[in-house]
Amino acid sequence: MPVSNEQKILRILRLQVTDKPGYLAKIAVILGELEANIGEISIVSQGPDYLVREISLQLKDEEHLKRIVAGIEKLDGVIIDDVTDPVELLHEGGKIGMKSRVPLNNINEMRKIYTPGVAQICKLIQKEPALSKRFTGISNSVGIITNGTAILGLGQIGPVAGMPVMEGKSVLFEQLVGISGIPILIESTKTDEVIDTIKAIATTFGAIQLEDIAAPECFEIEDKLQDLGIPVLHDDQHGTAIAVLAALITIARRVDLNLNTSRLGLIGLGAAGTGIARLLMPFGVKEILGADLRQDALDRLKADGGTPTTIPDLMSKADIVIATTGCPGLITGEMVRKGQVILALSNPDPEIIPEVALENGASFAADGRTINNALAFPGLFRGALTAGAKHFTHKMKIAAAHAIADQTRAKDIVPSILDRTVHQEVANAVEKAWNEEHG
């Protein structure tokens, strides 16, 4: 999902607080007056007449933090021991690491794992290459590949700066569906070089997830990698599209909306917007309007079967509006047409606040806090790997969307990302879809 550069910050204050009634209340009052969003409060140790407490805070920016610190320092009986950044602490040393799946405790085990025993397995694979799926980790690995040209909403910050995102994807793969996700960073913005590099290393993986590669290059890169014999997917396009379709299926059930006869409007035709259009068309949406500042994006939509237009025209005609622009406040309340469904997906600041859309007549409105591509990609790849799929199909993606929608509880529009059952159901649906198409 598109992300705003104006991120809020998290900090943990470690405080020595006099162990008497009222002191914690004084801290809470000053934090409230200074507009700090208080999270967890815990006691980490104690002294003869004081407690050491840690208070988690969500703040606007570093200047906000300085005001908080200054306010706390004025309180009698309270001493600031430390201010830490929990996000930085979590990322120190990286979030992933290669681990052995087999024990190594004696020389006999080593001889089977490595030389001389490993030569036996090498010869088997040399004779029958397909055995690599049985005797190596290739069939359970996904290469997570970026060139750093579109990292979150930060833009072209380079692949190394994007590595924390790739590691995060790896964690989700391993924790949610047991896949080894392996980050690969490519130091090139040249489309042909990126394509050639991926082709040269593709045999290392059972599938490839392209990540945070800018449009329009991402479309050509993905297209030219479809003949590798393994599934290749640009997650910013298709993972997002699956999550959006899942949400729309749920919404349609609740507001009596027929997606196939509704007019859909897309504001923003980058990777996410284009991916949504390219999935909703085969799903059955017959009319898609699109608005974007870039002519090449409008031309691409037209070539795909959509209708380029302007934002005012789109807002006046579309039954469903999906915005993925990264521009907070782009949609005003006056633009909302009565009965519209509006998904303003830019994070953390949407194109229109859902409450504002509802106040101006929308039948349903949501932002991008819950509609996240992480709902889709773990199960999507798990199902593809289990099925031995050669590529992803529209049927597999639509099956994933239905599986997500079917696991959504009342009052939610999508299930929790951390619900393992959801990812397994997505995997099962994707595997079934491939097998039904290819036997």
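Candidates in the range 287-324 are the residues that are surrounded by fewer than 16 Cβ atoms within 10 Å (Cβ to Cβ) and of a type in the set (Gly, Ala, Ser); of these, the one that is farthest from residue 362 (Cα to Cα) is 303. Given the criteria in contact with a Phe, Trp or Tyr (Cβ under 7 Å, 6 or more places away or on another chain), crowded, with 18+ Cβ neighbours inside 10 Å and modelled with pLDDT of 95 or more, does residue 177 qualify? Judged against the criteria, residue 177 is not a match. When the range 284-323 is filtered for residues that are touching a Ser or Thr at 6+ places or on another chain (Cβ under 8 Å) and in a loop (DSSP other than H, G, I, E, B), the ones remaining, listed by number, are 285, 286, 319. Beta carbons closer than 6 Å, at least 6 apart along the sequence or on distinct chains, pair a first residue in the range 82-110 that is under 19 Å from residue 169 (Cβ atoms) with a second that is of a type in the set (S, T, N, Q) and surrounded by 10 or more Cβ atoms within 10 Å (Cβ to Cβ) for 96/170. For the range 177-236, filtering for residues that are assigned to a loop (DSSP other than H, G, I, E, B) and either more than 18 Å from residue 269 (Cβ to Cβ) or in contact with a Pro (Cβ under 7 Å, 6 or more places away or on another chain) (or both) leaves 18. Looking at this structure, is residue 339 touching a Ser or Thr at 6+ places or on another chain (Cβ under 6 Å), surrounded by fewer than 24 Cβ atoms within 10 Å (Cβ to Cβ) and in a loop (DSSP other than H, G, I, E, B)? Criteria met by residue 339. Applying the selection to the range 213-267, what residues are within 27 Å of residue 145 (Cβ to Cβ) and more than 21 Å from the chain's Cα centre (by Cα)? Once the filter is applied, which keeps residues that are within 27 Å of residue 145 (Cβ to Cβ) and more than 21 Å from the chain's Cα centre (by Cα), the range 213-267 yields 220, 223, 224, 225, 226, 227, 228, 229, 230.
Residue-level analysis places residue 146 among those that are among the hydroxyl-bearing types (Ser, Thr, Tyr) and buried (at least 17 other Cβ atoms within 10 Å of the Cβ).
Being under 22 Å from residue 229 (Cα atoms), touching a residue at least 12 places away in the same chain (Cβ under 8 Å), out of contact with any Gly (no Cβ under 6 Å at 6 or more places or on another chain) and buried (at least 18 other Cβ atoms within 10 Å of the Cβ) is true of residue 380. With respect to residue 161, determine if the residue is among the aliphatic types (A, V, I, L, M), surrounded by fewer than 14 Cβ atoms within 10 Å (Cβ to Cβ), out of contact with any strand residue (DSSP E or B) (no Cβ under 8 Å at 6 or more places or on another chain) and at pLDDT 95 or above. Judged against the criteria, residue 161 is not a match.
Here the condition is being among the acidic types (Asp, Glu) and part of a loop (DSSP other than H, G, I, E, B); of 355, 351, it holds for 351 alone.
The values are calculated or read from the model by the stated rules, or taken from the named source; none is laboratory data. Note that this is a predicted model, so its numbers are computed, not measured. No Cβ is skipped: glycine too gets one built from the backbone with ideal geometry, and neighbour counts run over all protein chains shown.
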